[in-house]
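This report refers to the structure that appears directly beneath it.
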Amino acid sequence: IVAIAVVITMGIWGVLKYANFFIGNVNAVGHLFTDADLLQPVKFLLPLGISFYTFNAVGYLVDIYRTKYRAEHNFLKFFTYMSFFPHIIQGPFSRYDRLSSDLFRKHTASFDRLRFGALRMCWGYFEKIIIADKIGTAVRTVFQEYASYSGIHIFFTMILYCIQLYADFQGYMDIVCGLCEMLDIELDENFRQPYFARSIDEFWRRWHLTLGTWFKDYIFYPVSFSKAGQKLGRWARRKWGAKMGKLAPGYFAMLFVWTATGLWHGANWTYVIWGWLNMLAILSTMQFQDYYDRAKARLGIRSQGWAWQTLLVIKTFLLVCVFRFFSYSGDLNDAVQMILHSLTHVRTPGIGGFHGLFAGMNDSGIWLCLAGVAMLLTIDILKEKGYWTKVRTNAPYVVRVLLWFALLFLILFFGGDQNDLTSGFMYAIY
C-alpha cells in the first residue's frame, strides 16, 4: 500500500516536472537514426510548490509506515501542515512530527517575538534586495557576454554569483523564519554558515540542511541497506578488502542521492553533472582519507592549525564556485566553454580597475553590496563562534531600533536602483 501511494505521489510530480526532459533525451537518441522527433513535447501548468509538498507527503507516508508517529486523522490539521505557506516554495522541509507539534499547540502573543521576527524579516529582505539582486546585475552582465571578458573577470563573477545565491536563499529563509517567529511557530534552520565548510561533504551538511536530511533518510539509508546495496558490499569485500566492503554500499547509495539532488534543482543535464561533481569530490575524500592523513603527518601539517583550516575553507569555496559553472549554465557546452575561457584568457587589461569587476553596477550599488556582504560575513562569523544569540538578545534596545530603521531605509530608498523587483527568488523550486 505504501509503495503504491509513494509511486502515485512521486509519479504525478515526476510527470509534470520531468516529462519534457525525458522526451528531449529520447528525441536526442532518436536523432542518431532519423531527423524526425519520436515524441512531441507536452505543456503542463506546474502547480506552485509541488516539489516541496510532494516530498513532505512522501516523508509523511514513509514515517507512518516506519511507525515513527501515528497517522493524523484530522484532515484539517493534515492539510494545514501540507499547505503551510511560508515553506511551500523554498523550504525548509519540515517533518510532520516536528512542525505539527508547533502548529497545533496553544499560541500566545509576545512583543519580543514580534520584535525579533520583524528584525529578522527586514534583514532577510536586505539580503535579497540589497545584496543578491544588486550582485545579480553584474552576474547577468558578464555571463550573458562572457566571451568579451577576461578569465579573471569571469571567475570573480562566479564568486559573486555564489554570494548572490547564498544571500538570496538565506534571505528567503530569514524572511519566512522571522514571519513564523512572529506567529509563535519555529521552522527548522536551513543553513549553518556553509562557506566556512572545510570540505564538500561538510558544505552539504551546512547548505540546505533539511533537503540533505530528507535525501539521507529516504534515499541514502534505504538504498545502502537494501539487498542490492548489501550484496554489493559483500562482493566488494571479497574483491578489494574490508574497507571497500564497508564503503561500497554508501557509494552505491550516493549515486542515487546525487543524481536525485541534481534533478531536484532542475530538469537538465547540467544539474546532473553538477550533482555528480559534488559526489566525486566527496567520494575522493572518503576513498583517499588514509593517504591524506599520512601525507599530512609526513609534511608535519597541523590539521587543527588555523592556517591549514583557512586553506581548507578557501579550497572548498573555490571548488563550490567551479561546480556552479554547471548549475548556472543552460547547457553543458556553455559550462565547459565558460570554464575554458576563464582558464585560457587570463588577462588583466580591460578589467577597468576595481569598479570594472562589478560590471553594470553603479557606485552606490557596489558600495551597498560590499557593506551588505561585510555585514553578512560578520553575522556568520558570530554564528560560527556561537556568539550570535547573545549579541542578538543582549544588544541595547536603541541599537536594535536604529538597525531596524537603517535596514528599512536602505531597502526603501535603494532597493529599486538597478534592481528587477519582479524576478522573484533564485532558488524557488516548483
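The values are calculated or read from the model by the stated rules, or taken from the named source; none is laboratory data. Just so you know, these numbers come straight off a predicted model, no measurement behind them. Backbone-built Cβ (ideal geometry, glycine too); neighbour counts: all protein chains shown. Please note that ligands, DNA and RNA were not included when accessible areas were found on the heavy atoms of the full protein model with its side chains. Shrake-Rupley method; radii C 1.70, N 1.55, O 1.52, S 1.80 Å.
Odds and ends about this structure:
- Take the Cα radius of gyration of region 94-188 and divide it by 2.2 N^0.38 Å, N being the number of residues; the result is 1.49.
- Listed peptides 32-38, 401-407, 376-382 appear in the order 376-382, 401-407, 32-38 once ranked by packing, highest mean of other Cβ atoms within 10 Å at the front.
- Length gained when the stretch Ile64-Arg237 is fully extended (0.36 nm per residue, less Cα-Cα span): 58.8 nm
- For region 208-349, the calculated P(r), taken from all Cα-Cα distances in 10 Å bins from zero up to the bin holding the longest distance, is 10, 28, 31, 25, 4, 1 percent.
- Choice from Trp123, Trp388, Trp276 with maximal GNM fluctuation in the chain (Cα, 10 Å cutoff): Trp388
- Separation of alpha-carbon centers, region 54-116 and region 241-278, rounded to whole Å: 29
- Think of each Lys and Arg Cβ as +1 and each Asp and Glu Cβ as -1; about the Cα centre, that makes the dipole of the chain roughly 1960 debye.
- Using 0.36 nm per residue and subtracting the Cα-Cα separation, the extra length available between Asn362 and Val42 on full extension is 110.9 nm.
- Reduced Cα scattering model of region 278-393, Debye log10 I(q)/I(0), q = 0.22 Å⁻¹: -1.24
- Accessible surface of the chain, 1.4 Å probe, proportion on carbon and sulfur as whole %: 67
- Ligands, DNA and RNA are left out, and with a 1.4 angstrom probe the accessible area of region 1-93 is 62 Å² per residue.
- Structure remark: mean-square fluctuation, Gaussian network model of the chain, C-alpha springs under 10 Å; the largest value among Thr213, Thr54, Thr344 belongs to Thr344.
- Label-to-label distance, Ser303 versus Val322, with points set 7 angstrom from Cα along the beta-carbon direction: 2.3 nm.
- Chain lengthening between Tyr397 and Phe409 when straightened (0.36 nm per residue, less Cα-Cα): 2.5 nm
- Pairwise centroid distance, computed over Cα atoms, of region 151-210 with region 211-237, Å: 28
- Taking Tyr291, Tyr166, Tyr195 in turn, the Gaussian network model of the chain (Cα-Cα springs below 10 Å) assigns the largest fluctuation to Tyr291.
- The loop-placed trypsin sites (Lys or Arg not before Pro) in region 315-407, going by DSSP, that have at most 12 neighbouring Cβ atoms within 10 Å of their Cβ come out as Arg347.
- The modelled label-to-label distance between Phe22 and Phe79, using points 7 Å beyond Cα along the C-beta direction, is 2.9 nm.
- Rg/Rh ratio calculated on Cα atoms of the chain (Kirkwood radius): 0.97
- At least 20 Å along the helix axis (C-alpha) and Kyte average at least 0.0, DSSP helices within the chain: 2-30, 50-65, 151-182, 242-265, 269-299, 306-328, 363-385, 397-414
- His208, His31, reordered so the largest accessible area comes first (probe 1.4 Å): His31, His208
- Kirkwood Rh (inverse of mean 1/r, distinct Cα pairs), region 71-230, angstrom: 18.3
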